[in-house]
Structure formats: structure tokens, C-alpha cells
Amino acid sequence: MILTGPEITTAASDGRLRIHPFEADQVNPNSYNVRLGPTLLTYTAEVIDAHRPNPTRSFEISDDGYVLEPGELYLGHTLEEVGSDVFVPLLFGRSSVGRLGLFVEITAPIGDIGFHGQWTLMLSAIRPLRVYAGMKIGQIMFFVSTGDIDLYAGKYQAAAGPQASGYWRDLATVRAVAS
């Protein structure tokens, strides 16, 4: 089951989900609009290596916006901190943003129960596109879970700002267990 807009508002006020800051006008019939935070991150190496940490460059979006270029992966973040110990959140780009040629959440729309923080957004534009901090860029839906809950306690917990991939940490854990 998916939460309706009124139930999202109720759950945010009674603590079953956290959206901070919460703005009533961002509630949709069955989702909540999230805004683009002010920081973008890009990888600086010509080749990204999944087995190692990769160097990045971080920059702030000015009041005049920032032009995303095709062929570049930008890591942005939600302005809002969103999470729940009860519901399963899923984040998707808004259709209005998709119609501008911007892919927002390329491969990982599902959030873990127990994650609380700003969501990293994987941004890719098919043609040059100017984006602005604070623009409504995505929407999060909340689904009811069934069964026992193991709360998320992973590497991205309490994220603030865009987070580069920590995939290499998973490999280190696998290697340590295999030894």
C-alpha cells in the first residue's frame, strides 16, 4: 500500500516519517516533492574505479543556477532530510523535470527503512540544462512494509550533501569475510 498525501502529512506530524523541513505545499496526492540542495559533486578522474575511492570536486549552485552538461554525472542531494523507521521510501524524478531531459535517480530509487538523511541524487542531462538550488526535482512515495524490520545502519546513514559512491567499502568487507 502507498501512503496518500493526507497520510504523508499525518505521518510526518506524528513521527512515523521524518521530512525536514516539511512544507505542506509539497505534498502531492500520493507523494512528497523534494527540492535540489545547493551542492553538486562530480568525479574528477577520467576513469572511475569501482574498487577504490574516487576523487571528486564539490561546488555550490549560484543564484544564477548551474548548467548541467551532457555526458557528465552530477551527484546532487535533496534539500530535505527524509527517512522512516516504518515506511519504505522510493524517490523518482518529477515528470516536469524529466520533460526537460533530466534523469534524476538513475538506478537506485529505493530507500532503506531506518535511513535518515539527505538523499544523493544521480543527475544526468541529455542536453545542457540550467538547474537551481531549491527547485522541486523529485518526489518520494512511501510504502507500508510487512514483516520484521531491520533498520538501516549502513555507510550513508545521516548523509548531509551529495555522497560519492562507497561501493569500494563493500568490497573491503567481502574480502575481510573471505579471509
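The values are calculated or read from the model by the stated rules, or taken from the named source; none is laboratory data. Since we're looking at a predicted model, the values are computed, not measured. So basically every Cβ, Gly included, is an ideal-geometry build from the backbone, and we count neighbours across all protein chains shown. These area figures cover heavy atoms from the full protein model, side chains too; ligands, DNA and RNA do not enter into them. Shrake-Rupley method; radii C 1.70, N 1.55, O 1.52, S 1.80 Å.
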Completion exercise
In segment 146-171, anything open to solvent by 50 Å² or more (accessible area, probe 1.4 Å), touching a residue at least 40 places away in the same chain (Cβ under 8 Å) and assigned to a loop (DSSP other than H, G, I, E, B) is listed as Ile149, Leu151, Tyr156, Gln157, Ala158, Ala160, Gln163, Ser165
Practice task
Those residues that are buried (at least 19 other Cβ atoms within 10 Å of the Cβ), closer than 17 Å to Ile106 by Cα and not aliphatic (A, V, I, L, M), I need them from segment 72-81; list them, please.
Solution key: Tyr74, Gly76, His77, Thr78
Practice task
Only residues in segment 27-44 that are among the basic types (Lys, Arg) count as the first member; pair them with residues that are open to solvent by 30 Å² or more (accessible area, probe 1.4 Å), Cβ under 7 angstrom, at least 6 apart or cross-chain, and list the lot.
Solution key: Arg35/Leu79; Arg35/Gly134; Arg35/Met135; Arg35/Lys136
Fill in the blank from the handout: Checked against (1) β-branched (Val, Ile, Thr); (2) outside any loop (DSSP other than H, G, I, E, B); (3) out of contact with any Leu (no Cβ under 8 Å at 6 or more places or on another chain), Val82 satisfies every condition except (3)
Completion exercise
Of the residues in segment 44-71 that are open to solvent by less than 40 Å² (accessible area, probe 1.4 Å) and closer than 17 Å to Ala164 by Cβ, the one that is farthest from the chain's Cα centre (by Cα) is Ala45
Exercise for the section: Scan segment 61-76 for residues that are assigned to a strand (DSSP E or B) and without any contact (Cβ under 8 Å) to a residue 40 or more places away in the chain and jot them down. Expected result: Ser62
Exercise for the section: Count, please, the residues in segment 13-43 that happen to be small (Gly, Ala, Ser) and either open to solvent by 20 Å² or more (accessible area, probe 1.4 Å) or farther than 16 Å from Phe92 by Cα (or both). Expected result: 3
